[in-house]
1. For the range 565-617, please list each of the strands (runs of 3 or more DSSP E) lying entirely inside it that holds at least 2 residues being aliphatic (A, V, I, L, M), closer than 20 Å to ALA497 by Cβ and touching a residue at least 12 places away in the same chain (Cβ under 8 Å).
2. Examine the range 511-525 for a residue that is of a type in the set (A, V, I, L, M) and modelled with pLDDT under 95, and state whether such a residue exists.
3. Looking at the range 271-285, which of the residues that are modelled with pLDDT of 90 or more and surrounded by fewer than 22 Cβ atoms within 10 Å (Cβ to Cβ) is nearest to the chain's Cα centre (by Cα)?
4. Look through the range 162-184, keep the residues that are within 16 Å of LYS234 (Cα to Cα) and of a type outside the set (A, V, I, L, M, F, W, C), and return whichever of them is least open to solvent (accessible area, probe 1.4 Å).
5. Assuming ASN489 fulfils every condition listed in (1) open to solvent by less than 10 Å² (accessible area, probe 1.4 Å); (2) closer than 25 Å to ILE547 by Cα apart from one, which condition is it?
6. Against the conditions (1) touching a strand residue (DSSP E or B) at 6+ places or on another chain (Cβ under 9 Å); (2) open to solvent by 50 Å² or more (accessible area, probe 1.4 Å); (3) of a type in the set (Asp, Glu); (4) more than 15 Å from ALA328 (Cα to Cα), where does GLU260 fall short? Just the number, please.
7. Given the structure, is ILE565 over 25 Å from ILE386 (Cα atoms) and at pLDDT 95 or above?
8. Restricting attention to the range 421-431, and to residues there that are more than 17 Å from LYS469 (Cα to Cα) and open to solvent by 50 Å² or more (accessible area, probe 1.4 Å), which single residue is modelled with the highest pLDDT?
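The values are calculated or read from the model by the stated rules, or taken from the named source; none is laboratory data. The model shown is predicted, which means the values in this text are computed figures rather than measured ones. Every residue, glycine among them, receives a Cβ derived from its backbone with ideal geometry; neighbour counts consider all protein chains shown. Protein only, heavy atoms only, side chains kept; ligands, DNA and RNA dropped before computing areas. Shrake-Rupley method; radii C 1.70, N 1.55, O 1.52, S 1.80 Å.
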Amino acid sequence: MKTFIIYITRNGELLARRLRGLFPTARVGRFKEISLSDIWDSAEALIFIMATGIVVRSIAPFIKDKKSDPAVVVIDEKAQFVISLLSGHLGGANDLSRRIGEFLGASPVITTASDINSLPSIDLWAKENDLVIEDWDILPRVARRFIEDGVIKVYSEIDIDLPSGFMRVEETESADLIITNRKKAEGLRLKAEESYHTVGGTQGETSGVHRGKQSFPLCDPVFPPVRPLILRPKNLVIGIGCNSGTTASEIESAVRSLLEEEGLSFKSIHSIATLDKKTEEKGLVEFTRRYGLALRGFTSEELNSVEGLSISGHALKAVGARAVAEPAAILAGGNLIVPKRRIGNVTVAVALRSSETEKGVPENRESSRTQRSGRLYILGTGPGDIGHITLRAIDALMEAEVVVGYSTYIDLIKDLIKNKEVITTGMTEEIKRAEKAVELALEGRTVAVISGGDPGIYGMAGLVLEILKDRAPHQSLTVEIIPGVSALNACASRLGAPLTHDFACISLSDRLTDWETIEKRLHNAASGDFVTVLYNPRSHGRQWHIIKARDIFLKYRDPETPVGIVKSAMRDNERIILTTLKEMPLDEIDMQTTVIIGNSRTYIQRWQDNRYNWMITPRGYERRFNNS
């Protein structure tokens, strides 16, 4: 979601920073510094940490309607309550309040009637099932009746699952909700309306609305709906053939004319289908964009594969297809219900989408998980602080069904993967993690394999790809490697600019590489005057490796060569040490530490009474700016 978190006080700011754990991509800003007029139309969620009265007065000029307003949530500074203020259902403020409440340990405050009565929201249910509400003015009356009676009667011409409290009926006359693509439903009236009548009394008497044996005064908010609420299923596919240069207005006029004649609702259009070459026709593209309709194209060969249709000599001569509108509608929809009709420069036909699609099942859905195309994300989570994870990595984590990783790295991103299936193993069990991730992805699941830092730098990317190399079939598997901020980037930024010239990276772990090879590389890096980054410098079982590495460098470097030591970079327990090669505090170094040894030109710059101490490796620019 495009989310904004807005605060006033220092305490509010601290709470806003906490919420970044739940909304890492949110923009956080102080009240008045973020202009509501600039963000209102584009925002999906606004989270205010302040008094409700301030929020109400601030947003009042921008409120339009429940179909377009963003979700607005208000939190008090002590994080005791989370109030769903605006767009609770369609905007998602109710669900957002519950999520925030769970994250902060606060109480969500939900006031929408359906929620407090534990009933489904009609408008939200319609949205989730891709049903278009015909007349929003009728919705409040139908919803009010639903809340009072606890039951709502539904007549539906499509196969659809109904939630609790929705009762299916076989006749439109008794329905509160009618789900249909037929225009004539607009003229229907509720039979129940006949049992309502207004009693006019003389002056001094109480006029009222009667239902059954009960009588309600006119000021009571219970009024009978004038007509049932019509919901339009988006289950019509329009096949279109048109001459080149046909305008969007002419195409729209032809479609509306045909649907009107056939008694079908324009709001029930799901998509437009045509010849593949026509998907770039300016008028057709403009028409589909105007109403947010999908546009599908089929080749002449595909259109000609549909048998039993009348042949269009014009289409056959012009594009090599025996027909366009009818076969395109059938291929994209299913059952042809309105044969083609020529209206000016446009030929229009209508198909009804299959029941599977009407129920919200994607077209061409595979029948089992093993037939689905799996996705495998191999991503880096950066140095540990969630503020340094890339947006692409966050998107992949949100999309993933399963997250696989080393338990320490999983703990660092736990706020991003709530309600995900998580598989963790300990250190040295990388193969087990990689094999499990590949296995799940080949089953058709969306899997995220995580590495600390960058997955391609001493990370999981190489191992996963090696395992994939020998696994078949994986032709349908999509693999994406998503970079992250590596330890060398993070540590270098904390130290200053030690890597602005040529450098080498060497891991001192001999678990997978023999020490003889590591030692040879250390000699080469030291003698070549490379700035050298040492990963995995010291563990409980390898106390002497860092000592040996230091001694090798002392053979080639001045003992006063600057050395930067960063432990737990960008995490809560971060520790930074600037020292020299001969003074390296070996006891401060462990597996959470990265060591950067400077080259012969690296120096330490101390500024502002040692407030800023930078380790700098010059690139050579000083010769240029000194001569300029």
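1. Hits in the range 565-617: 575-580, 593-597, 612-616.
2. Within the range 511-525, one or more residues are of a type in the set (A, V, I, L, M) and modelled with pLDDT under 95.
3. SER271
4. Going through the qualifying residues, I end up with THR180.
5. (1)
6. The number of the failed condition is (1).
7. Spelling it out, it is not the case that ILE565 is over 25 Å from ILE386 (Cα atoms) and at pLDDT 95 or above.
8. Across the range 421-431, the extreme among qualifying residues is VAL422.
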